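What follows is one structure encoded as structure tokens, with my remarks underneath.
The numbers here are math on the coordinates, done by the rules we state, and not lab data. A quick note: this is a predicted structure, and the numbers were derived from the prediction, not measured. Every residue, glycine among them, receives a Cβ derived from its backbone with ideal geometry; neighbour counts consider all protein chains shown.
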Amino acid sequence: MENLSNMMILFGGTGDLAKRKLFPALYNLLRGKALPDNFAIVAIGRREKNNQEYREFIYSFIEEELGINLDKKIWKELSSRIYYLPFSFEDDAGYERLKATLNTLENTYNTQGNRIFYLAVSPEYFGIIVNKIKYHNLIVGEGSWQRVVIEKPFGRDLKTAQRLNKEITSVFSEEDIFRIDHYLGKEMIQNIMVLRFTNTIFEPIWSSQFIDNIQISSSEQIGIETRGGYYEKAGALRDMVQNHMMQLLTLTAMEPPISLDDRSIGYEKLRVLRSLQEYTYEDIFNDIVRGQYDRGIIDGKEVNGYRQEEGVDPSSQTETFVAMKLAINNYRWAGVPFYIRTGKRMTQRSTEVIVEFKRPPEVLFFKEYKYLQPNILVIHIQPKEGVFLRFNAKRPGVQNFIMPVDMDYNRNCLIDGNCPDAYERLIFDIMRGDSTLFAHWDEVEYSWRIVDNISRAWSLHPKEVFKYKAGSMGPSAADELLARDNRKWWDV
Ligand code: BG6
């Protein structure tokens with residue numbers, strides 16, 4: 001059994017991620033008795049605060065802003081283990097203070113030299129911090145483990161990602177690097193493999209022989225909020241496709257791994273990325289649709305268009321929506337299109353994988369044929385969680401009318417009243433050293449190759465960025481992408 005005792009060193013302690021996700025996740029882990037007894041956190045931020053002020057700052061954010069009622073006893077237990085050190089990430093003296101603090105606290109909490117360096121900071125600091133960690137000898141070595149956790153974005157293109165990876169791997173080895181893709185921590189995404197590989201009714205038909213097409217769609221209602229500066233440079237392609245959508249695609253399309261360890265799964269995921277047909281400039285023009293939200297109505301309220309958002313160029317060509325058709329050139333998937341769609345300010349928040357099966361031959365129920373719906377298997381990832389299978393049945397009555405019926409498993413997160421947030425699972429896995437649910441370097445590298453190819457073509461031959469109304473399902477060009485193949489996006 002892995003020794004879970006550890007000290008978490010959290011860079012970016014006053015940032016949004018720490019307040020919104022990491023501390024609530026640590027609190028829930030403690031409540032669920034999943035934190036080790038030997039554990040403490042040293043948070044680092046630039047704002048001046050002492051330990052007590054910092055603990056109160058986190059407490060009031062969780063209670064007031066997130067509206068979570070913390071159990072006083074559990075919070076007291078967690079907060080007594082939280083320490084704060086103010087210093088800027090370039091400041092050598094700060095790292096020396098950190099070193100001294102770690103030495104003291106490691107004795108108090110008996111964390112045995114195991115350290116998690118969690119970089120919840122903006123990407124320009126990733127390289128600086130890992131180099132300082134090395135320079136100040138914060139890696140203890142022998143008999144203990146040290147891991148680094150990197151939030152996205154991991155680079156902004158292949159070159160910057162490679163550079164960053166070089167910097168990080170000069171300090172930590174690949175098995176100690178945990179690159180977060182929080183989608184992998186989502187329950188239903190983990191369920192994709194379970195559904196596929198534990199049900200003998202699915203795996204044999206999971207191929208071009210029975211499947212007509214697969215749609216992976218992730219729509220959001222929120223806009224870019226206060227992240228204009230970042231988003232202008234990223235766009236939906238880098239922000240969602242390079243990471244989350246590619247991860248969903250690989251899990252849906254991969255071959256069964258030879259075992260459930262991270263290497264075997266990573267190997268199969270990589271094979272999917274390597275089998276993706278490379279886009280030519282012409283394909284990029286024909287098979288990828290870019291969109292940008294315009295003013296519109298969300299939940300009855302008028303909202304700004306992207307170009308009116310704070311920090312956005314009023315003539316910006318950044319896409320907030322992407323729809324694309326991909327081909328996986330391997331034996332299983334040849335001829336089956338995969339359609340990916342993601343966007344902000346859409347009708348609703350919804351992520352799902354939809355597997356559309358081939359239609360039956362037009363021989364028996366030919367009069368009703370045009371009413372026959374294909375079978376679909378829908379994996380609802382969020383906010384609804386569940387699976388449903390649609391098939392055709394006879395409508396009760398004297399005539400042979402056919403209707404689609406759904407067999408529905410709605411998880412609703414209620415099975416045992418326990419609905420872990422992605423970060424709970426991910427933090428737990430970091431502590432036990434299991435990197436299965438993290439993005440490995442070769443996957444990151446390959447998805448950047450794909451994305452770079454597209455963005456290069458877009459910059460050389462600017463492709464129209466279609467406007468869509470906030471509150472809609474994207475530009476009509478995205479519907480045409482499928483209509484041209486006699487298909488449609490399933491709205492389920
Ligand atoms: C992040 C993106 O990685 O994922 C955001 O940077 C996006 O732009 C978010 O809103 C979506 O995550 P979730 O869990 O809300 O689907």
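Stretching the chain fully between K367 and S60 yields a gain of 104.0 nm (0.36 nm per residue, less the alpha carbon separation).
Hey, could you get me the Stokes-Einstein D for the stretch 191-242, Kirkwood radius over alpha-carbon pairs, 25 °C and 0.890 mPa s, rounded to whole µm² s⁻¹? The diffusion coefficient I find is 170 µm²/s. Take every pair of alpha-carbon atoms less than 8 Å apart whose residues are at least six positions apart; their mean separation over the length of the chain yields a relative contact order of 18 percent. With the highest mean first, a sort of the peptides 467-473, 257-263 on other beta-carbon atoms found within 10 angstrom per residue produces 467-473, 257-263. From the Kirkwood radius over Cα pairs of the stretch 235-296, Stokes-Einstein at 37 °C and 0.692 mPa s returns a whole-number translational diffusion coefficient of 239 µm²/s. If both residues of a DSSP beta bridge must be in the chain, then about 55% of such bridges are antiparallel. Here, P(r) means the percent of Cα pairs in each 10 Å bin from 0 to the largest distance; for the stretch 329-419 it is 13, 31, 32, 20, 4. For the chain, the residue among G113, P396, F285 whose Cα projects farthest onto the positive side of the dipole built from Cβ charges is P396. Helix 126-135 and the long axis of the chain differ in direction by around 30°, with both axes built from C-alpha atoms.
Pairwise alpha-carbon distances in the stretch 258-350 exceed 18 Å for 63% of all pairs.
Less than 17 Å apart at the alpha-carbon level, and either on another chain or at least 8 residues along: which lysines does that give for K21? Result set, ordered by chain and number: K152, K186.
For K469, the shell of other residues with beta-carbons less than 9 Å away shows a net charge of +2, using +1 for Lys and Arg and -1 for Asp and Glu.
Which whole-number percent of Cα pairs in the stretch 108-225 have a distance greater than 20 Å?
Every Cα pair in the stretch 108-225 considered, those over 20 Å come to 61 percent.
Per-residue packing, averaged as other Cβ atoms within 10 Å, sorts the ranges 8-21, 28-41 into the order 8-21, 28-41, beginning with the highest.
The charge dipole of the stretch 168-217, taken about the Cα centre with unit charges on the Cβ atoms of Lys, Arg (+1) and Asp, Glu (-1), comes to about 160 debye, rounded to the nearest 20. Quick one: of K233/K325; K367/K463; K72/K132; K367/K488, which pairs are farther than 32 Å apart, Cα to Cα? Long pairs (Cα-Cα over 32 Å): K367/K463; K72/K132. Based on C-alpha pairs under 8 angstrom that are at least 6 apart in sequence, the stretch 1-115 has a relative contact order of 38 percent.
Hey, got the dipole for the stretch 200-280? About the Cα centre, +1 on K and R Cβ, -1 on D and E Cβ, debye to the nearest 20?
For the stretch 200-280, the charge dipole is close to 220 debye.
If you plug the beta carbon distance of E90 and D421 into 1/(1 + (r/R0)^6) with R0 = 35 Å, you get a FRET efficiency near 0.65. A straight line joining the Cα centroids of the stretch 271-332 and the stretch 201-231 runs 12 Å.
Going from the fewest other Cβ atoms within 10 Å to the most, the residues M193, M407, M246, M188 appear in the order M407, M193, M188, M246. Would you tally the net charge around P24, using a Cβ to Cβ cut-off of less than 10 Å, leaving P24 out, and scoring K and R as +1, D and E as -1? Charge balance in the 10 Å sphere: +1. Overall, the anisotropy analysis places the stretch 137-287 in the oblate class: the square-rooted eigenvalues a ≥ b ≥ c of its C-alpha gyration tensor yield a/c not less than 1.5, with a/b not exceeding b/c. When each of the peptides 65-78, 479-492 is scored by the mean number of other C-beta atoms lying within 10 Å of its residues, the order from highest to lowest reads 479-492, 65-78.
Classification of the stretch 337-492 by its C-alpha gyration tensor yields an oblate form. The axis ratio a/c (a ≥ b ≥ c) is 1.5 or more, and b/c is at least a/b.
For the stretch 208-238, which GluC sites (Glu not before Pro) pass both filters: DSSP loop (anything but H, G, I, E, B) and at most 13 other C-beta atoms within 10 Å? The qualifying sites are E225. Provide, for q = 0.06, 0.11 Å⁻¹, the log10 of I(q)/I(0) from a solvent-free Debye sum over equal Cα point scatterers in the chain. The Debye formula, applied to the Cα set alone, gives -0.31, -1.00.
Considering the stretch 1-158, its Cα convex hull presents a mean projected area of 10.1 nm².
Across the stretch 113-224, the mean sequence separation of Cα contacts (distance under 8 Å, 6 or more residues apart), normalised by length, yields a relative contact order of 24 percent. For the stretch 144-184 and the stretch 44-75, write down the distance between their C-alpha centroids in whole Å. The stretch 144-184 and the stretch 44-75 have Cα centres spaced 28 Å from each other.
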